[in-house]
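What follows draws every value from the coordinates through simple rules; no lab data is involved. Predicted, not measured: the structure shown is a model, and the values here were computed from it. FYI the Cβ positions are ideal-geometry reconstructions off the backbone, even for glycines, and counts take in every protein chain you see.
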Amino acid sequence: MKVRLENLTKRWGSIYAVHDINLAVDDGEFVAFLGPSGCGKTTTLLLIAGIYKPTTGRILFDERVMNQVPPKNRNVGMVFQSYALYPHMTVYENLVFPMKLKRVSTTEMKERAQRVADMLGIAHLLERRPGQLSGGQQQRVALGRALTKQPDLLLFDEPLSNLDARLRLSMRAEIKRLQIEMGITAIYVTHDQVEAMTMADRIAVMKDGMLQAYCSPDELYERPPTLFIAGFVGNPPMNFIEVEVVQRDGIYHAQRPGFDLPLLPERGAQAAGRGRVILGIRPEDVAIADEGIAGEVYVVEPLGRDDLIDVRIGDTHVHVLADPTLNLRLGDPVTLRFNPKKIQLFDPETERSLLWT
């Protein structure tokens, strides 16, 4: 099923929870709504589900306007952060409950429940109650209950937030596998950029109720259109350095006290003569090298496979991912090489990229 939001707005009094959202989700696509708490992503999801009604704008399922259609008639499956299982019912009773509301035959209910339980690896738990299950098992039951409806659209509201790191990893893979196998359109709300980047075909980044970007994970990572997205997406976060771009002897330079970095012509030309700009580069795109910009090790944070090195250059700091076998220590002199193809430049006033917008 295709979903389209047109100028979607939700307002309580003078407060905008969602403001003028326009996006389309293709049939069978997995889309993530990503952003910090309070950005409007869950509100948008509840508008799509029909739990909230829009103040203005339209919600369309396969070109049918759904604004006045009640939730029960939208054929939407929802999976919540809190699982929302009925504690007095067994796993089997939880799985078949949505089908009872739709008056599915007993035989069909049993077949669907067994098929979904086998698919999710919970067939041996059908006689247990939610209180007898682990968090991961409860989450699988909640997902199974949504799937037994045979929905046209699956909606997820931060479903993995209550799980530990290992379970989150396995459930991410499980949800994505099931979504692809069943071909169901899915919208997934999360504040975790790792979940969004690893699961989604496209990501809608939201801030203050407004859509900041809507594109593939690769494009979001490699070509962030705003300073907010550049800092929000990626771990460790992107480095930001306030510089001025000038041209000397036909070469563009990003400079500040103690810092002078040559830029590729196509990048430097976009920022030259603007005065103060923000240079951004990810820690993995900076390397300890024999030539480059001189600095001093300020902090070393062991991460296992890599060390995150905080290097002081003049009055600014740059984070670098380095090989632990370098055995860097506080105060060591180092030289940094910046990958010129990975440098981003932003306008400090508008916070828009100077390269991609």
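Here is how the numbers come out for the structure above:
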| item | result |
| --- | --- |
| Whole-Å distance, taken between Cα centres, linking the range 28-70 and the range 203-253 | 27 Å |
| Prolate/oblate/rounded label for the range 227-357 (Cα gyration tensor, a/c 1.5) | prolate |
| Cα gyration tensor shape for the range 30-94, rounded if a/c is under 1.5, else prolate or oblate | oblate |
| Value of [θ]222 nm, deg cm²/dmol, for the chain, DSSP H segments ≥ 4, -39500 (n - 2.57) each, nearest 500 | -7500 deg cm²/dmol |
| Förster radius 51 Å - calculated FRET efficiency between Gln68 and Ala165 (Cβ-Cβ, nearest 0.05) | 0.75 |
| Calculated FRET value between Ala24 and Ala287, using beta carbons and R₀ = 56 Å, to 0.05 | 0.90 |
| The chain: angle of helix 106-120 to the longest principal axis, Cα-based, in degrees nearest 10 | 30 degrees |
| Relative contact order (percent, whole number), the chain, Cα cutoff 8 Å, 6+ residue spacing | 16 percent |
| Relative exposure of Asp323, Asp307, judged by other C-beta atoms within 10 Å (fewest first) | Asp323, Asp307 |
| Approximate spin-label separation Met210-Glu296, in nm, with each point projected 7 Å along Cα-to-Cβ | 4.3 nm |
| Ordering of 166-175, 1-10 by burial proxy (mean other Cβ atoms within 10 Å per residue, highest first) | 1-10, 166-175 |
| The chain: angle of helix 91-101 to the longest principal axis, Cα-based, in degrees nearest 10 | 70 degrees |
| Relative contact order of the range 36-126, defined on C-alpha pairs under 8 angstrom at six or more residues apart (%) | 16 percent |
| Helix 165-182 axis, angle to the chain major axis (alpha carbon atoms, nearest 10°) | 60 degrees |
| Pairwise label distance in nanometres, Tyr86 with Glu266, each label 7 Å out on the Cα-Cβ vector | 6.0 nm |
| Extension gain, Lys100 back to Asn235 (0.36 nm per residue minus Cα-Cα distance, nm) | 44.1 nm |
| Extension gain from Lys110 to Asn7, taking 0.36 nm per residue of separation minus the Cα-Cα distance | 32.9 nm |
| Nearest-20 debye value, the range 239-346 charge dipole, Cβ charges on Lys, Arg, Asp, Glu | 400 debye |
| Environment charge of Leu163, counting only residues whose C-beta is closer than 15 Å and scoring Lys/Arg +1, Asp/Glu -1 | -2 |
| Between the range 155-201 and the range 267-300, the alpha-carbon center distance in angstrom | 34 Å |
| The range 239-346, relative contact order in percent, only Cα pairs under 8 angstrom and at least six apart counted | 29 percent |
| Cβ-based exposure ranking for Cys215, Cys39, in which fewest neighbours within 10 Å come first | Cys215, Cys39 |
| Neighbour-count order for Tyr16, Tyr86, fewest beta carbons within 10 angstrom listed first | Tyr86, Tyr16 |
| Where labels lie 7 Å past Cα in the beta-carbon direction, separation of Asp118 and Leu330 in nm | 6.1 nm |
| Cα lying deepest toward the dipole's positive end in the range 152-251, options Leu167, Pro225, Phe240, charges on Cβ | Leu167 |
